[in-house]
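Step one of this worksheet: look at the structure below.
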Amino acid sequence: MQSIEIKSIDQFIRDIVGLKNDEFDFFIFRGQRINAPLVPSIARYHHGQDIKSIEKRMLLDLKRRGKLLLPDSVAEEWELLILAQHYGLKTRLLDWSSNPLVALYFAIRDIDDSETHSFVYLFRGYNDQVIDKDELTGGTPLDSPFEIQELKVLRPSLNNERIIAQSGWFTVHPYSEEKCGFVPMQFDEDVKVNVTEFTIAPTLKRELMDHLDMLGFNAQTLFPELAGLCHYLNWEYLYQAAG
């Protein structure tokens, strides 16, 4: 996997443009505070029983207990999975964005982590890997997230403000019966050749956050709700001022 150090926003964008070519159909980006495997949140838990079965039971229980809170659209599995991910349930979805500056923000937003490197990952791929939520018509294995046999990229419906603000996409990770778990993208032979890692030195995070804010990428714009505004005010009045 290729690794590139981010030294400025303009250099980051130039490097991304340099990686673009007609071979690939999509580019998506993910920011991570720490150097951790590219696996969905459900994969970070280990149990004596099949984690895939636990995930299904969690979703069914969410549907049962949250019946009065869930919209009618979650009658099918994909919408339920996306909604569950949105509200923090551990699932086989991993969050990505089609905007590299959104990913950079998520990599460095916790600027208290000033002693560790952060990371942005670029994944390049092809149209046959993409599941378009609005084009699922029924009658294929893709109609269930639990039936996929290889990593897929989910382009969700633009039906909530956070997905729109964050240019949100997801990777959908298959459960490997052979390995009894989810395989990190860095170790998936069919995937890792199209993953590029960008690193951010801890001393650069505060400067990059200032530049992202000038460009309109901050908690208030990426979380268009009261919690996002509060997070932004904390940064503006406490963290930024402390610098």
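The values are calculated or read from the model by the stated rules, or taken from the named source; none is laboratory data. None of the values given here were measured: they were computed from a predicted structure. Here Cβ is always computed from backbone atoms with ideal geometry, including for glycine, and neighbour counts include all displayed protein chains. Quick note on the areas: whole protein, heavy atoms, side chains included, nothing else; ligands and nucleic acids left out. Shrake-Rupley method; radii C 1.70, N 1.55, O 1.52, S 1.80 Å.
Among the conditions (1) within 16 Å of the chain's Cα centre (by Cα); (2) open to solvent by less than 20 Å² (accessible area, probe 1.4 Å); (3) modelled with pLDDT under 95, the only one that VAL195 does not satisfy is (3). What residue, among those in segment 54-81 that are modelled with pLDDT under 80 and part of a helix (DSSP H, G or I), is surrounded by the fewest Cβ atoms within 10 Å (Cβ to Cβ)? By that ranking, first place goes to ASP72. Within segment 161-192, the set of residues being assigned to a helix (DSSP H, G or I) and either touching a Cys at 6+ places or on another chain (Cβ under 7 Å) or open to solvent by 90 Å² or more (accessible area, probe 1.4 Å) (or both) comprises GLU161, ILE164, PHE187.
Across segment 15-52, which residue is least open to solvent (accessible area, probe 1.4 Å) among those that are at pLDDT below 85 and assigned to a helix (DSSP H, G or I)? Here the residue is ILE51. When LEU89 is tested against the conditions (1) open to solvent by less than 30 Å² (accessible area, probe 1.4 Å); (2) over 19 Å from VAL102 (Cα atoms), the lone failure is (1).
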